[in-house]
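Enquirer: Sharing a structure below in structure tokens format, with a few things to ask.
The values are calculated or read from the model by the stated rules, or taken from the named source; none is laboratory data. Please read all numbers here as calculations on a predicted model, not as lab measurements. All Cβ positions, even for glycine, are placed from backbone atoms using ideal geometry, and neighbour counts span all protein chains on display.
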Amino acid sequence: MEPESCCYIVGETHSVRSPALTRTIDLKQSPPVIMSSYLEALSKHMEAVNDLNAYYNSLSYEQLKAMTFLERVQAYNWTFELFAFAVLAIVIGSFAYGNAANKSRAKKFFTPMSEYLKNDLNFARVGFRTADGTVLPYMVQHANTWLSTFATGRSAIDSVSVRAHLLPRNNPMSMLMDFVVGLAFPSLVNNDSNEYCEVIVKPNGIYVATENSKINTNAQELLASKFKFITSIVNKSFMSDARDKNYFLSLTLTSENNTLSEEYVYMSELNQLNTFIMHYAKGKDVNEILQKATKFLQFISFTDLPVDRPLSAAEWEAKQEPRVIIRSNFPTSQFEIDLLKEITSLVVEVVDNFTRDLVNKTPDLLITAEFQKKAKHLRTQELSKIVKEAKEAEAEELKEKRQDAERQRIRQLRKTGEQEKIDRKMKEKRERRMRNKQKQRM
Amino acid sequence: MNPLVTNVIIMLVMMQISRRLDMEDPTIVFYVRILYCSSIFITWVVYQLTRRKIVAKNDLTTIKYVTPGNSFLGEKEKLEVTTVRDYDLKDIDGSIKSIYTGLAMMGFMHLYMKYTNPLFMQIISPVKGAFENNQVKIHLFGKPAVGDLKRPFNAGGMMAAFSSNAVKTDKKSVADAERAGNGGFKKDN
């Protein structure tokens, strides 16, 4: 609207056109001219760069030959080269700084976390043993952006893995591009591009009161039947995001409750499961911990279903695994590291108490037979939905393949001239039918 | 009066005034620039004040609604679960972002393309838009969040009136979307 009115004013009210306005009108009227104006600006800059050495280039071969090496160096304008070196230095400097910053963050978090898992939560093995026998407290991958540690060997818990993702500080250009693309097209930005930390606690259904206690033999049975449920405490700031990225959370009901801190909601497959974490966190003030973590914790979730939506029955079966997921921002301060330790300890406590109650067959178990029936029903429904979708996708693929084959066949017939014969026959058939119809009408 | 109608009236009036102005006169260009910058500044201040109020109120009441998926991408309906605070902040941040986008566009048109007319046309509408913004009405003018101001807001404009892709807030739609299992779709990055 505006450019048109601008042209109109120029054309109507001013008898004398300024060169600037004439240029503007020309630019508006023909888009290729706008493009050429950009190229013009670019070529001007390139010319300016070339002109830096206009004097040096104007010197003849004989003149250059007459000069000493030092005189030639002095005659040459090194501005562009210095600029290029400066850019290179910035790239190398930012790479070194980014790597060092990520290493420092990783060390600051993973070293105390590994110690906590070993000394306070009593895991027998923490970290990774290399071929030469040294134990690494944590692993780094992808230029210090993906970090992980692992702990195993404990009653009630099969393993704890701590995974974290850091920004690629060694590549500020990619960070900048992510930011710019994210501003214009948020859906294009990778889900994992932000910094986060995930602690995954896998139960094993085994409870031993002391080191000499007998191990219960029904561990696998307990895991397969009693750990199949979804209940979570989700920070209100991450509700939609968490549901969007995690398949298991998108199957839950969201509800608020007076028993829970105002900044959080429950997301459980059945409302009766909402109290699960509170119930089994005996002796720990869950709300107090949650209150401290309002700006840090994203969710704590007990689940057996996968994060990514399964696309087939086989994938559904393969990806079912009871576990607890603690997702938070990456801890950067001592306060946040301590907080994550506290939350991990809370989850371990809940798993411990739940497993103990299961093994001891305590009467006030929250996971009742009725609940198991409902959970099974939900999973059966979901599986049938996935199977149906998979079949539809398969049928669609088959249809496309058939259409492709048909197109290929017609192309082949055209090449050999067979298609023309078929077309002619069809045409004759149509004409014969038409004639018959006309005869009948007569 | 309907904001769309007033926008058209303002635009027509501004076009008539702009015809009578010599946009090549440096003095007029100077005053147009001052007026445009003042208008943008007032708009920015209004939105920032509203933003402050939203943060200060910290209303953590949960709201659930179903948004239509992108039909071009074959997306399904999606449940949005958020708080009043986050919903309002997202909305007001969008408005603030639109100021920056407008500023960049006007800067390009005026400084590079040498148009002054668009600058003149944009003197009133940002301020008007700010005072007609739902968040400003609720938080700055203290209007109750009922009727048209009930969250989630329905998209205004002429296109919205003909569109069936409205946000759903009825219990059945929300309950259906809540257990639909539409999360965790892998993205090909």
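Enquirer: Is it true that some residue in region A:177-200 is crowded, with 21+ Cβ neighbours inside 10 Å and within 30 Å of B:LYS78 (Cα to Cα)?
Expert: yes
Enquirer: Quick one: in region B:99-118, of everything that is over 19 Å from the mean Cα position of the chain (by Cα) and among the aliphatic types (A, V, I, L, M), which residue is surrounded by the fewest Cβ atoms within 10 Å (Cβ to Cβ)?
Expert: Filtering region B:99-118 for residues that are over 19 Å from the mean Cα position of the chain (by Cα) and among the aliphatic types (A, V, I, L, M), the one surrounded by the fewest Cβ atoms within 10 Å (Cβ to Cβ) comes out as B:LEU111.
Enquirer: Among the residues of region B:42-56, are any surrounded by 17 or more Cβ atoms within 10 Å (Cβ to Cβ), touching a Leu at 6+ places or on another chain (Cβ under 8 Å) and either at the interface with chain A (Cβ under 10 Å from one of its Cβ atoms) or over 19 Å from B:HIS139 (Cα atoms) (or both)?
Expert: no
Enquirer: I've got another one for you. Just checking, which of A:ASP357, A:ASP352, A:ASP423 is closer than 30 Å to A:PHE109 by Cα and surrounded by 12 or more Cβ atoms within 10 Å (Cβ to Cβ)?
Expert: Step by step, each of A:ASP357, A:ASP352, A:ASP423 is checked, and only A:ASP352 is closer than 30 Å to A:PHE109 by Cα and surrounded by 12 or more Cβ atoms within 10 Å (Cβ to Cβ).
Enquirer: Further question: Do we have any residue at all in region B:133-154 that's surrounded by 17 or more Cβ atoms within 10 Å (Cβ to Cβ) and within 13 Å of chain A (Cβ to nearest Cβ)?
Expert: The answer is yes, given that some residue of region B:133-154 is surrounded by 17 or more Cβ atoms within 10 Å (Cβ to Cβ) and within 13 Å of chain A (Cβ to nearest Cβ).
Enquirer: Can I ask one more? Just a yes or no: is a residue in region A:308-316 aliphatic (A, V, I, L, M), away from every other protein chain (no Cβ under 14 Å) and not in a helix (DSSP H, G or I)?
Expert: no
Enquirer: Continuing with this model, one more query. Would you check if A:SER255 is farther than 20 Å from A:LEU346 by Cβ and either modelled with pLDDT under 90 or buried (at least 24 other Cβ atoms within 10 Å of the Cβ) (or both)?
Expert: no
Enquirer: Further question: Any idea which of (1) more than 17 Å from A:THR344 (Cβ to Cβ); (2) touching a strand residue (DSSP E or B) at 6+ places or on another chain (Cβ under 9 Å); (3) surrounded by 11 or more Cβ atoms within 10 Å (Cβ to Cβ) is the one A:PHE109 doesn't satisfy?
Expert: It fails just one condition, (1).
Enquirer: Return the only residue of B:VAL174, B:VAL84 being out of contact with any His (no Cβ under 8 Å at 6 or more places or on another chain), within 13 Å of chain A (Cβ to nearest Cβ), at pLDDT 90 or above and under 30 Å from A:TRP316 (Cα atoms).
Expert: B:VAL174
Enquirer: Sticking with this structure for a sec: Collect the residues in region B:1-22 that are among the aliphatic types (A, V, I, L, M) and either touching a strand residue (DSSP E or B) at 6+ places or on another chain (Cβ under 7 Å) or modelled with pLDDT of 90 or more (or both), keeping them in residue-number order.
Expert: B:VAL5, B:VAL8, B:ILE9, B:ILE10, B:MET11, B:LEU12, B:VAL13, B:MET14, B:MET15, B:ILE17, B:LEU21
Enquirer: Can you find a residue in region A:351-369 that is without any contact (Cβ under 8 Å) to a residue 40 or more places away in the chain, within 14 Å of chain B (Cβ to nearest Cβ) and either within 24 Å of A:ILE157 (Cα to Cα) or not in a strand (DSSP E or B) (or both)?
Expert: No, the conditions are met nowhere in region A:351-369.
Enquirer: Take region A:308-349 and flag every residue that is β-branched (Val, Ile, Thr) and either at pLDDT 95 or above or crowded, with 19+ Cβ neighbours inside 10 Å (or both).
Expert: Correct list: A:VAL324, A:ILE325, A:ILE326, A:ILE337, A:ILE343, A:THR344, A:VAL347, A:VAL348.
Enquirer: Report those helices (runs of 4 or more DSSP H) wholly inside region B:83-151 carrying at least 1 residues which are free of Cβ contacts under 8 Å to residues at least 24 places away in the same chain.
Expert: Here the list reads B:84-107, B:117-121.
Enquirer: Consider region A:84-100. How many of its residues are surrounded by 12 or more Cβ atoms within 10 Å (Cβ to Cβ) and under 23 Å from A:TYR56 (Cβ atoms)?
Expert: Total meeting the criteria: 0.
Enquirer: Report, by residue number, each residue of region A:241-296 that is aliphatic (A, V, I, L, M) and assigned to a strand (DSSP E or B).
Expert: Correct list: A:LEU253, A:VAL265, A:MET267.
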